[in-house]
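Down below is the structure, laid out as structure tokens.
The values are calculated or read from the model by the stated rules, or taken from the named source; none is laboratory data. Computed from a prediction, not measured in an experiment: that's the story for all the values here. Here Cβ is always computed from backbone atoms with ideal geometry, including for glycine, and neighbour counts include all displayed protein chains. Just so you know, the surface numbers come from the protein's heavy atoms only, side chains and all, with ligands and any DNA or RNA stripped out. Shrake-Rupley method; radii C 1.70, N 1.55, O 1.52, S 1.80 Å.
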Amino acid sequence: MPANADVHEDIPNELAQEMQRDFDSRCLDAAIEEARTGLAEGGIPVGAALVVDGEILATGRNRRVQLGSVIRHGEMDCLENAGRLPASAYARATMYTTLSPCPMCSGAILLYRIPRVILGENRTFMGAEEELKAHGVEVVNLDSGVCAGLMREFIGAHPEIWNEDIGR
């Protein structure tokens, strides 16, 4: 079920909500796969997926370590991989990310007017969720144990890389 789609009147609200949660979980799985790929490459396990009209248009992962980049967080990599899109596509998009988006990534979400963000977890790091909400973005935390576990293991093994990534 695509995000932001009109739900047919004869589908009970509870069923529509369950269908949306299932769809969101499947899309988050694509972001989790990116996070795992990034970890296998020696990077920080944060992944993202951009979905428009029920289709995954792009995925990305934090590649700051791999590319020596200062900006390639998962969401930024995902947007870069999506390429140039018309404003109307972003207006129908949902960004899935394994971790609460930092101020930089939240800024890009706001710049492109992406109306919905699904995050895997915010136990490890609380990004700029309140800023997104203040601008009318729907933010949903799926509180994924898988996402939290990937981050916990990475930070335990590489605290210096994690601290650099979040500007500490």
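The strands (runs of 3 or more DSSP E) found entirely in the range 55-128 that carry 3 or more residues being without any contact (Cβ under 8 Å) to a residue 40 or more places away in the chain are 55-61. Is the range 7-16 home to any residue that is touching a residue at least 12 places away in the same chain (Cβ under 8 Å) and within 11 Å of the chain's Cα centre (by Cα)? Checking the range 7-16: not a single residue is touching a residue at least 12 places away in the same chain (Cβ under 8 Å) and within 11 Å of the chain's Cα centre (by Cα). The set of residues in the range 123-145 that are more than 19 Å from Leu50 (Cα to Cα) and open to solvent by less than 70 Å² (accessible area, probe 1.4 Å) comprises Thr124, Phe125, Gly145. Within the range 32-54, the set of residues being within 12 Å of the chain's Cα centre (by Cα), part of a strand (DSSP E or B) and aliphatic (A, V, I, L, M) comprises Ala48, Ala49, Leu50, Val51. Put simply, of Pro86, Pro115, Pro101 the only residue that is in contact with a strand residue (DSSP E or B) (Cβ under 9 Å, 6 or more places away or on another chain), modelled with pLDDT of 95 or more and over 26 Å from Trp162 (Cβ atoms) is Pro115.
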